[in-house]
Every structure is written in structure tokens, then in C-alpha cells.
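Visitor: Got a structure for you, questions after.
The values are calculated or read from the model by the stated rules, or taken from the named source; none is laboratory data. The model shown is predicted, which means the values in this text are computed figures rather than measured ones. Don't worry about glycine lacking a Cβ; one is built from the backbone with ideal geometry, like all the others, and counts go over all protein chains shown. SASA here: full protein model, heavy atoms, side chains in, ligands and nucleic acids out. Shrake-Rupley method; radii C 1.70, N 1.55, O 1.52, S 1.80 Å.
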Amino acid sequence: LASFTEKDTAFFFGREQEVKALWERLRSRHLWGVIGPSGAGKTSFVRAGVVASRPEGWGAIVSTPGSAPFRGLGQALVSQLAGDVEALERILSVDDPAVAFDLVSRWRRGKGEALLVVDQFEELFTLNPDEVQVRFTGLLGRLAREADVHVLLSLRDDFLMKCADHEPLARVFESLSPIPALSREGLCRALVEPARKRGYRFEDEALVAEMVESVEGARGALPLLAFAVSRLWEKRDREKKLLTRAAYEEIGGVAGALAQHAEATLDRVGSEREPIVREIFRNLVTSHGTRSVAEREELLSLFPERQAAEEVLRELVDARLMTSYELEGREGEASRHRIEVVHESLLKAWPRLVRWQAQEEDGAVLRDQLKQAAHLWEEKGRTSDLLWTGTAYQEYELWRGRYPGALTALEEDFAKAMAERAARQRRRRRAIAAGIVAASLAVAAVTGVLWSRARAQALRAEAGKLLALGRTYLEADPTAALAYARGSLDLFDTHEARTFALEALWHGPVARILPVDRIARDLGLPEDPSPIVRIDLSPDGRWLAAQTNSNQRILLFPREGGPARALPPAENVAALAFGPRGELLITGGPGRSLRLWSLPDLREVRRLELRGIPSWFPMVRGDRLIAPMDPSDETQERQVQALQQI
């Protein structure tokens, strides 16, 4: 699955005509694009084909964007500027587009013509934030316009329209070389010729035709075929120097070779470590279905059990599902160890991996954005200006609650910094809100004080008017004067009103006003606006009884004041009287009975039935209770008989 490079040119077959055609066009253009589907062999084409066959006098460098396109370009320049000490020192600042332009121009001046190949150019869009994309495409456009450098971009065809978002790349749409899947003849040559150079051949021509037919017309045909042939080469017949049909059937053919190999590798890893495999792939595949490069240390920081993760990663690299390589660091920096999936064809040909990607498709985009944002934050010195806030942070929180995977140490630091900033902003908002509330309360308090003062002044004025009216009644009607004094005090309590109330009492006597209707309502009795029809005062002067007209309820008022009391309801109460010593209350009416109630507990102590004789207005004379009879009700004789029986 590894791509061809310049040193593999002798074994690179099937694209000879495309390479020749490209060079005929490239000489007259400074910006060119090579596009094709994943698995068409674009990297092998530009490295082992175009770069390796460059005309005499042409210099060429090849870089890939990865997640740090400027550093990738600087890495490619290191070997070309090996004897230029000043230039090597400036490579430390290659992230500055101006410095990068000067370095490439410096390299260009020593060549007749110069070719800069940016391979896997789609990584610029999938692994980098917008800011980096703008800066790097601006550099490429300037190199093509001002530095006389021929820039060749190699990218997947489904990312071509991304170039339209960047004005410096606009002319690439006028200069394109599509790299389609190899023709049948090209595939046959790619199979047969490298083996022939080694002195080997296929057992029969039908085997070659069968292998080609199994992938002809399919996207990613070339890497699948290459992997099958690599497995076939491992099982070759060394004595007869043959690639055999038996070996081909053993590996499961072209279609099954890669998936079978991946599953066999997973079996060796063990089912208990399958989550580690899934987490590794989760961090090496983008939401666009492309490969992502990761620093080895950053990748391993995902796992609490580092040793187990290292063992699994080593197994995947040994099985050629992953590739591991070192990049020299800048001066004073350690080299960087990187990991990536060996080829994009694995992402489509391994059913288990396809299923994993489908299950995590919803959150994959934000996962890519988080990775890019965290790396940019790190490169810029972890400035708080690059932390997600507002809606972006809220979306992250929702995603994190659902995301099943882990975050790298850098991403965890980024997430922690976001959370701390969000907490500070919440505290700041609460403080501002508290200040606004406090200010509002202060305004309300001042307003309330002013309103209270204004209302107090109005009430004082009204109270003064009532007090003035009361003074006019003091001599003639002390009761009215006292009523005005109380009204004034109800509105506004003043020393003058209190003094005047005492003065009215001194002029007394004053009448006591009993608001019977209000008292009845307070006792829970039905509202009765009708006048009092009957009152009586107990002989000892301790109780006043009052009866209303409509509901016949009797209320008792104690001499000492305090709450009034209501007699239990009695139908058609039409009479009332007190006992001779004030210890009883007597009621009577058309109900033809007299009822005696004890005071003060209002308990019924006796009931006198009049044998059907109605009685109105009972009276007490000494120790006698007199119950007048209704003469129209019965004959006098019957009344006498009834009284004798009582």
C-alpha cells in the first residue's frame, strides 16, 4: 500500500503516457493541478513519474500539507539548502509566509527551472483551520506569480471545488490533468512488469486477467490490487519463480485480501483490545473520509493504559495497516514521530472500519474542528483569543456529552481552558447582572422613598382636614368629634390627632358604635344589610344582645369590648330576653318553644315546649318568666289547659 517514490521509478509501470503529456503542458504553466479519485495512484504518479522524469536542469521538491503546511514545506527545503547556513537558520521561522517565500525563492535561484509539488493537497482543507488555508494558498499563488516557480498540486477530485474558495488558486481550473483509474492495459503492465524485472511471472495469463477484471472500473482499484499482489509475492514459489493461483485463492482474491488481512490483524490484537484499535482509527480518519496524521505521543496520550496502546499500535504498524515515520525537528527541537493510516483504500475496503465511521459520522466534523483548533491554539502560544466561546462552546459541550471516544492531552487542555473561560464569563455576567439589579433596587428604593414621602404628605393633609372638621363638633357632639379623630388617625398617626381624641373623650360621654353587619361577616355569617330589629341589655349590664331583621341571627357584645359572639342558628328566632341575674339568655319565636342559654359559654341548658302554643316576646319579671300567647291561634280554654300541663 506504500506509494512509489523516485527510487522506485524502475518498477513504476502503466502511467508512462500520462507523465509525458503532463510535462509537455507543465513547461508553459506555473500553476497546475493533478486530480483523481482516492486510490488512483496520484502520489506514485507525481513522485515516481513526474518528479523522477523531470528534464535536465529542473529542480524539484515535494511536500505534503499535513496539519502544519508551512513546516512541511520547510522540511522539504532542508535537504535542498543543506549548504546554506543562513537559510537553514531562517527555516525556524518558516511559518511566516514572507520567510517561506524568501526561502523558496533562494532555492529557485540555483536552478534552471523549479518545480514545487504539493502532494495530498486535500490535507490543507481537512486538517487546517481557515486562517492557515488562506495564508498557505496565498504563498503558493505568490510563488507561481513572482518567484517563477512551477507549482503542481495533487489532490483528490472531490476536493477540487475547495480551491474555488481561494483566489490565488483560481487558475488551477484552467490547468488540470485528470488521473483516472488505470486502463486494463495499464493494470496488466503494473502487475506483470515489476515481477518480470525480478525474474518472476504469473502462473498463467488467466490469473492476471482475473485479477484485473475484479477491480476494473472501481475507485481505489490500484491500491487494492497492489495489496493483493504484495500478499501474493509473500507466498510466491521461489523455486519455480512463480506467482501461483493457489496462493491467490488462499489470500481471498483481490477483493478480500485487504479486509482479510485487517481482520486477521484484529484477531491477533485480541477482542479485549479492540476498543484501542477503534480509538486509534477514530483519531486518524477525518470526517471527510481521508487520512489524518497524528504525532505519536499525542495519539498515545488518549489512553490511560499507555503500554497496552503502544503494543496495539506496534501491531498495526507491523501489519502495514499504519505507517510510522520520523520528521527531523527544528534546531533545538526533538524529532517528531508521526503515525497515519497506510492508505485511504483501507478506509473503504475494510467493512469493520467502514461501519465504525458510519456510526460516528454525526460527531466527526466537530471532532476535526476541535483537533484543528487545539493545534492552532498550541502554535499561537495558547492565547485565550482562540478558545471557543458562545454558540461554538455550547455546541462543543453538547457534542462532548455524546462523544464516546477520548481526547488527546492537547485537546483536553484546550477543552479545560474553554471551560475555565466560560466559567469566568458566567461569573462576570452574574456580577454585571447583580450590579444592574443593585442599581435598579437603589433607583427603586429612592423612587419608593420619594413616593412614600409624597403619599405621606397627602395623607397628612387629608388627616389634617378630618381633624379640623372634628374640632367643629367637639362641644356639640363629642361622639362625632371622636369619630373624626379616629378617621384622622387611620389616615396618618399624629400627636395632634391623639391629643384631640383624648380631648373628645374628656368631653364625653361618647356613644359606642357597633358595626353589626361587619361583625357578622367577620364571624362567617351570611351578609345581612338589614337593620337591627331587636336589642336587649342584661340586668347586670355585662351583655348587649342584638338581632337582625332578615336572618334572625343574635349577636352578643361583651361590656369589656373584644370580639362579638354569635348564638347558634335557630329557625325563626322572634324573641329574646335575659334572665334575672344576667346568667341566662332566653330566645323564643313561632317555633313554639323557649330556649335558655347559659352565659358566657352560650350552652343550651333548657328548652320549654309550649305544647303547640306560639309565644312572642318572652319577658322576665323578678323570678317569673312570662310568655305571652297568640290569642288568635287557639281557643282560650285550650291555652289554659296547656299552661296547666306546663
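Visitor: Could you state the angle between the C-alpha long axis of helix 130-146 and the longest principal axis of the C-alpha atoms of the chain, as a value from 0 to 90 degrees rounded to the nearest 10?
Guide: 30 degrees
Visitor: Still on this structure: Return the loop-located GluC sites (Glu not before Pro) in region 233-293 (DSSP other than H, G, I, E, B) with at most 12 other Cβ atoms within 10 Å of their own Cβ; answer none if there are none.
Guide: Working: sites: Glu234, Glu239, Glu249, Glu250, Glu263, Glu272, Glu279; in loops: Glu239.
Those satisfying the criteria are Glu239.
Visitor: Further question: Report, in degrees rounded to the nearest 10, the 0 to 90 angle that the Cα long axis of helix 69-78 makes with the longest principal axis of the chain.
Guide: Roughly 30 degrees, rounded to the nearest 10.
Visitor: Is region 52-187 rounded, prolate or oblate when judged by the Cα gyration tensor, a ≥ b ≥ c being the square roots of its eigenvalues, rounded requiring a/c under 1.5 and prolate requiring a/b larger than b/c? Before the final figure, lay out the partial values.
Guide: Values: a/c = 1.81, a/b = 1.28, b/c = 1.42.
The shape class here is oblate.
Visitor: Give the lysines reachable from Lys240 as a straight Cα distance under 16 Å; neighbours fewer than 8 places away on the same chain don't count.
Guide: Lys197
Visitor: Next question. Relative to the longest principal axis of the chain, what angle (0 to 90°, nearest 10) does the C-alpha long axis of helix 205-215 take?
Guide: 30 degrees
Visitor: Using alpha carbon coordinates only, what is the Rg to Rh ratio of region 139-201, with Rh defined as the Kirkwood radius?
Guide: Values: Rg = 18.1 Å, Rh = 14.8 Å.
Ratio of gyration radius to Kirkwood radius for region 139-201: 1.22.
Visitor: What does DSSP give for the chain in terms of the percent of beta bridges that are antiparallel, rounded to the nearest 5?
Guide: So the antiparallel bridges in the chain amount to around 65 percent.
Visitor: From the Cα trace of region 142-295, what convex hull volume per residue do you get, rounded to a whole Å³? Can you show the working numbers first?
Guide: Numbers: hull volume 28.6 nm³, N = 154.
Spelled out: Cα convex hull of region 142-295, divided by residues, is 186 Å³.
Visitor: Which whole number of Å³ per residue matches the convex hull of the alpha-carbon atoms in the chain? Intermediate values should be presented prior to the final figure.
Guide: Numbers: hull volume 240.3 nm³, N = 646.
So the per-residue hull volume is 372 Å³.
Visitor: Follow-up question, since we're still on this one. Taking the Cβ-Cβ separation of Asp95 and Ala454 as r and a Förster radius of 45 Å, what is the calculated FRET efficiency to the nearest 0.05?
Guide: Working: r = 70 Å, r/R0 = 1.56.
After rounding to 0.05, the efficiency reads 0.05.
Visitor: So if we plug the beta-carbon distance of Thr479 and Asp540 into 1/(1 + (r/R0)^6) with R0 = 25 Å, what FRET efficiency do we get, rounded to 0.05?
Guide: Details: r = 25 Å, r/R0 = 1.00.
Calculated transfer efficiency: 0.50.
Visitor: What spacing in nm lies between the two simple spin-label points modelled at Glu340 and Glu193, each 7 Å away from Cα in the Cβ direction?
Guide: So the label points at Glu340 and Glu193 sit 2.6 nm apart.
Visitor: Could you look at the chain and say what percent of its accessible area is carbon and sulfur, using a 1.4 Å probe and all protein chains?
Guide: Details: 17350 of 33720 Å².
In the chain, the share of accessible area belonging to carbon and sulfur is 51 percent.
Visitor: Here's another thing I want to ask about it. Per residue, how much accessible surface does the chain expose to a 1.4 Å probe? Answer in Å², no decimals.
Guide: Working: 33720 Å² over 646 residues.
Result: 52 Å² of accessible area for each residue.
Visitor: Rounded to a whole number, what is D in µm²/s for region 356-502 from Stokes-Einstein with the Kirkwood radius over alpha-carbon pairs (37 °C, 0.692 mPa s)? Could the numbers behind the result be given before it?
Guide: Details: Rh = 21.7 Å.
Translational diffusion coefficient: 151 µm²/s.
Visitor: Hey, with R₀ at 45 Å, roughly what FRET efficiency would Glu234 and Glu56 work out to, going by the Cβ-Cβ distance, to 0.05?
Guide: Details: r = 39 Å, r/R0 = 0.87.
The pair Glu234/Glu56 has a calculated efficiency of 0.70.
Visitor: Would you please name the trypsin sites (Lys or Arg not before Pro) within region 11-103 that are DSSP coil residues with at most 12 other C-beta atoms within 10 Å of their C-beta?
Guide: Working: sites: Arg15, Lys20, Arg25, Arg27, Arg29, Lys42, Arg47, Arg71, Arg90; in loops: Arg15, Arg27, Arg29.
Counting only loop positions with at most 12 other Cβ atoms within 10 Å, the trypsin sites (Lys or Arg not before Pro) in region 11-103 are Arg27.
Visitor: Under the 0.36 nm per residue contour assumption, what length would be gained going from the current alpha-carbon distance of Arg184 and Arg486 to full extension? If you can, show how the numbers build up before the last one.
Guide: Values: separation 302, 0.36 × 302 = 108.72 nm, distance 11.59 nm.
Going from the current span to full extension adds 97.1 nm.
Visitor: OK, next. Counting pairs of alpha carbon atoms under 8 Å apart in space and at least six apart in sequence, what relative contact order in percent does the chain give?
Guide: Details: 910 pairs, mean separation 52.2, N = 646.
Once divided by the residue count of the chain, the mean separation gives 8 percent.
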